[in-house]
Amino acid sequence: MIRRFGLAVAAMALALVGSGGAAVAVAQPAPSAPPARPATGPAADPARDTRVPAVLDVAHRGASAYAPENTLAAIDAAHELDATTVEIDVQRTRDGELVVIHDTTLTRTTDAEEVFPGRASYAVADFTLAELRRLDAGSWFSAEFAGERVPTFEEALDRLSRHRLNLLLEVKSPDLYPGIEADIADTLADHPSWLKPRPEWKWPRLVVQSFDWESVARSHDLLPDVPHGLLGLVPAEDVDDYTWADQINPNHTVIDADYVERVHAAGLEVHTYTVNDPDDMRAAIAAGVDGIISDRPDVARRVIAEETARVRP
């Protein structure tokens with residue numbers, strides 16, 4: 001059960017899908033009851049050939065349209081909205097603790113400047129975990145989330161496990177944190193269920209990705225049985241050089257059906273970010289992507305269900 005998840009989800013959904021899915025401004029949280037779990041579309045008929053596989057929905061930084069990104073509240077919100085996978089970012093504190101936060105500085109999503117006025121640096125890497133624990137990582141989003149903390153990687157793993165959510169883990173700016181790939185691998189070894197595949201689940205339990213492809217290669221060497229993704233656009237002519245990876249995950253604005261087909265021909269998947277407008281989601285699905293990373297996983301699930309049903313004979 002989400003502790004603080006008051007949202008005008010129904011109004012937001014209508015705004016997003018109305019007028020042919022035209023783009024709208026990001027809605028602000030408003031007090032209300034938690035939304036009902038969205039329908040996932042018509043049940044598949046096993047006697048039919050669906051022709052187009054189901055597309056994975058990924059809650060970007062948690063359900064970050066509805067709760068402060070990269071917090072436990074955002075993971076809870078993703079669960080409440082029936083997300084399949086959650087994407088989070090991991091960095092390292094000055095004292096070597098892995099924490100979940102997107103920006104390499106603390107100023108946008110915490111009150112670090114108020115709690116520690118006059119610090120020479122507000123970089124995540126220059127704060128200890130104890131100092132991070134003093135920060136409010138929720139009020140910037142809404143007063144409803146006041147007091148939300150920057151979670152540790154282990155806390156996020158535990159919350160994801162409790163909700164039976166898959167994880168798309170981004171290693172954020174690994175050049176700032178030499179050896180972070182080994183730290184992540186060691187933490188996962190302490191939580192071995194994350195390294196065990198669940199055959200009954202269609203999608204991987206865990207995928208590791210980064211914009212730093214050398215970091216992805218290092219992580220792949222440490223965790224060879226875990227799928228790995230390359231964030232960003234690998235030029236079509238270079239795709240065959242990266243077949244050691246499992247995914248290429250570019251921005252949705254820079255890909256088309258030809259590019260997706262090229263990546264698929266090399267045996268890799270395409271999971272595209274950050275897709276919040278329903279028409280953009282439809283275009284990505286039409287291009288053949290394997291996954292949609294969105295701040296609004298409920299909208300993504302609805303569009304995926306609609307488009308999957310549309311192509312059934």
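Where a number appears in this text, it was derived from the coordinates with a stated rule and is not lab data. Since this is a predicted model, take the numbers as computed values, not measurements. Neighbour counts run over all protein chains shown; Cβ positions are idealised from the backbone, glycine included.
Observations
- Distance from the C-alpha centroid of segment 174-213 to that of segment 136-172: 17 Å, rounded to the whole angstrom.
- Share of pairwise Cα-Cα distances greater than 15 Å in segment 60-127 is 55 percent (whole percent).
- Percent of alpha-carbon pairs separated by more than 16 Å within segment 102-192: 62 percent
- Shape category assigned to segment 206-245 from the gyration tensor of Cα positions, a/c cut at 1.5: prolate
- Per the Debye formula on identical point scatterers at the alpha carbon atoms of segment 272-313, with no solvent, log10 I(q)/I(0) at q = 0.17, 0.25 Å⁻¹ is -0.37, -0.79.
- Taking 16 Å as the cut-off, the amide N atoms of segment 165-198 that come nearer than this to a point 7 Å along the Cα-to-beta-carbon line of Trp244 belong to 181-182.
- Its Cα gyration tensor gives segment 142-205 an equivalent ellipsoid; the semi-axes, largest first and in whole Å, are 22, 20, 11.
- Stretch gain in nm, segment Ala286-Thr104, where the contour uses 0.36 nm per residue and the Cα spacing is subtracted: 62.0 nm
- Average projected area [Cα convex hull, segment 175-223], square nanometres: 3.8 nm²
- Restricting attention to segment 105-236, close to 10% of DSSP beta bridges with both partner residues there are antiparallel.
- Pairwise centroid distance, computed over Cα atoms, of segment 79-134 with segment 219-285, Å: 28 Å
- Taking one quarter of the surface of the convex hull spanned by the alpha-carbon atoms of segment 169-263 gives a direction-averaged projected area of 6.8 nm².
- Taking Phe145, Phe211, Phe127 and counting other C-beta atoms within 10 Å, the order from fewest to most: Phe211, Phe145, Phe127
- Highest average first, the peptides 291-298, 197-204, 179-186 ordered by how many other beta carbon atoms sit within 10 Å of their residues are 291-298, 179-186, 197-204.
- Difference of contour (0.36 nm per residue) and Cα-Cα distance, Ala125 to Ala257: 43.5 nm
- Sorted largest first, the principal axis extents computed over the alpha-carbon atoms of segment 42-183 equal 65, 37, 22 Å.
- The calculated pair-distance distribution of segment 114-165 uses every alpha carbon pair, bins of 10 angstrom beginning at 0, and gives 21, 42, 31, 6, 0 percent.
- Here the extension length gained between Ala146 and Glu113 equals 10.3 nm, from 0.36 nm per residue of separation less the Cα-Cα distance.
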